[in-house]
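Undergrad: There's a structure below that I have some questions on.
What follows is calculated from the coordinates using simple rules that are stated; it is not laboratory data. Owing to the predicted nature of the structure, the values given are computational and were not obtained by experimental measurement. Ideal geometry is used to build each Cβ from the backbone, glycine not excepted, and the neighbour counts take in all protein chains shown.
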Amino acid sequence: MYIEQAFKVLHDWWRYILGVLLAFVGIGIFSMPHAMAIAMKQMAGEIDAEKMQDVNYLMGLFEPNLNLVFLLLPFAGGLLALILAARLIHKQKLTSLT
């Protein structure tokens, strides 16, 4: 029953590659707010340039809740991109994925 439903949607091999590439683009786009916030703090002179490689130092620049949002945004972007890929590339409804 479930295997038969897979053949009702578009399932060419290139569509899967395009979907994965779209997911990586979504992750990259949603990673930019954290990079921009760090860049703004660096331009303001609040960051020691020698400590830019230290992850603990970078995580201490913002309050913990804001860091959590910055770290979860790429996952949300990847999920959104995968949903868009299933919807637009594979012509599949969201309810058919579950």
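Undergrad: Could you list SER96, SER31 in order of exposure, starting from the residue whose Cβ has the fewest other Cβ atoms within 10 Å?
TA: Numbers: SER96 12, SER31 16.
Ordered from fewest to most neighbouring Cβ atoms within 10 Å, SER96, SER31 come out as SER96, SER31.
Undergrad: Separate question: Just subtract the alpha-carbon distance of LEU10 and ALA44 from 0.36 nm times their residue separation and send over the number in nm, one decimal.
TA: Values: separation 34, 0.36 × 34 = 12.24 nm, distance 5.00 nm.
Separation in residues times 0.36 nm, less the Cα-Cα distance, equals 7.2 nm.
Undergrad: Looking at the chain, which chymotrypsin sites (Phe, Trp or Tyr not before Pro) are in a loop (DSSP not H, G, I, E or B) and have at most 12 other Cβ atoms within 10 Å?
TA: In loop regions of the chain (DSSP not H, G, I, E or B), the sparsely surrounded chymotrypsin sites (Phe, Trp or Tyr not before Pro) are PHE7.
Undergrad: I'd like the trypsin sites (Lys or Arg not before Pro) in the range 13-69 restricted to DSSP loop residues with at most 12 other Cβ atoms within 10 Å, sorted by number. Walk me through the intermediate numbers first.
TA: On the way: sites: ARG15, LYS41, LYS51; in loops: none.
Counting only loop positions with at most 12 other Cβ atoms within 10 Å, none of the trypsin sites (Lys or Arg not before Pro) in the range 13-69 qualifies.
Undergrad: Something else now. Would you indicate which of (i) 1.30; (ii) 1.07; (iii) 1.51 is the value of Cα Rg over 2.2 N^0.38 Å derived from the coordinates of this structure?
TA: Step by step, Cα Rg over 2.2 N^0.38 Å for this structure corresponds to label (iii).
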